[in-house]
1. Of these, 92, 85, which one is crowded, with 20+ Cβ neighbours inside 10 Å, modelled with pLDDT of 95 or more and closer than 21 Å to residue 19 by Cβ?
2. Scan 25, 57 and give me the residue that is exposed (fewer than 15 other Cβ atoms within 10 Å of the Cβ), assigned to a helix (DSSP H, G or I) and touching a residue at least 24 places away in the same chain (Cβ under 8 Å).
3. How many residues are in contact with a strand residue (DSSP E or B) (Cβ under 7 Å, 6 or more places away or on another chain) and assigned to a strand (DSSP E or B) if we restrict to region 28-54?
4. Please name all residue pairs, on different chains or six or more residues apart, with Cβ atoms under 9 Å, provided the first residue is in region 197-224 and is exposed (fewer than 14 other Cβ atoms within 10 Å of the Cβ) and the second residue is part of a helix (DSSP H, G or I) and modelled with pLDDT of 85 or more.
5. Mind listing just one residue for me: the one in region 95-113 that is part of a helix (DSSP H, G or I) and surrounded by 18 or more Cβ atoms within 10 Å (Cβ to Cβ) and, of those, modelled with the highest pLDDT?
6. I need the full set of residues from region 186-221 which are within 20 Å of the chain's Cα centre (by Cα) and at pLDDT 80 or above, in order please.
7. It is to be established whether one or more residues within region 38-52 are at pLDDT 85 or above and over 30 Å from residue 189 (Cα atoms).
8. Restricting to region 174-185, name every residue that is crowded, with 23+ Cβ neighbours inside 10 Å and modelled with pLDDT under 90.
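The values are calculated or read from the model by the stated rules, or taken from the named source; none is laboratory data. The shown structure was predicted, so the numbers you read here are calculated from the model rather than taken from an experiment. Positions of Cβ are backbone-derived with ideal geometry, glycine not excepted, and every protein chain shown enters the neighbour counts.
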């Protein structure tokens, strides 16, 4: 466990930070508890800002110490916390506007779920970088399949299929099938569809949602908060607490 301790701490810090952050932001949204938005000089400081500093500092420390304990473990925690804070507001960063509580903002939760799945796989021993040492047939097959698998997962995210991407990280065929099938309406991938294909995508999504996604949407709302219209003023979003 010793050589995997930094990775384990990174994984735990990433997951714990996401849970704590979403809990606090939902409390702020509901007007409960002691937490409030942090506004300095009329500017709302989002929690991605300290997350970015932690992420960069942790990365620098990790490289500088060359695996020496305890700094390797400390840098793992810093990277885990920082990356979680940044990715929790990824949708906001991409859109350059406050979509934290909108349906667009759930992209952040989908990406965080994907990263948690990938970190879990790495913690369990999946390492495509060193898997080819020895050049056994199994290692060669893994190295050949991994880029296809990773691309399929990313395509699922691009097609608005966050749940499929997260599950597909563990079960590759799910990601491959999701990458091939039609994108969900409103996703970045679906924007390139013509009228006929867009209509097919909409009908397919309605059918799947009616059949399967009732519980899935409830879980997504439980984690990310029920979506509302994008915020019109900066202080409606929940960032750093004071």
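1. Details: 92 fails: modelled with pLDDT of 95 or more.
Checking each option against the conditions leaves just 85.
2. None of the others qualify; the one that does is 57.
3. So the count comes out to 2.
4. From region 197-224, the pairs are 197/190.
5. 112
6. Those that are within 20 Å of the chain's Cα centre (by Cα) and at pLDDT 80 or above: 186, 187, 188, 189.
7. As a first pass, look at region 38-52 and keep what is at pLDDT 85 or above: 46-52.
Remaining after also requiring over 30 Å from residue 189 (Cα atoms): 50.
Looking through region 38-52, at least one residue is at pLDDT 85 or above and over 30 Å from residue 189 (Cα atoms).
8. Selection gives 175 alone.
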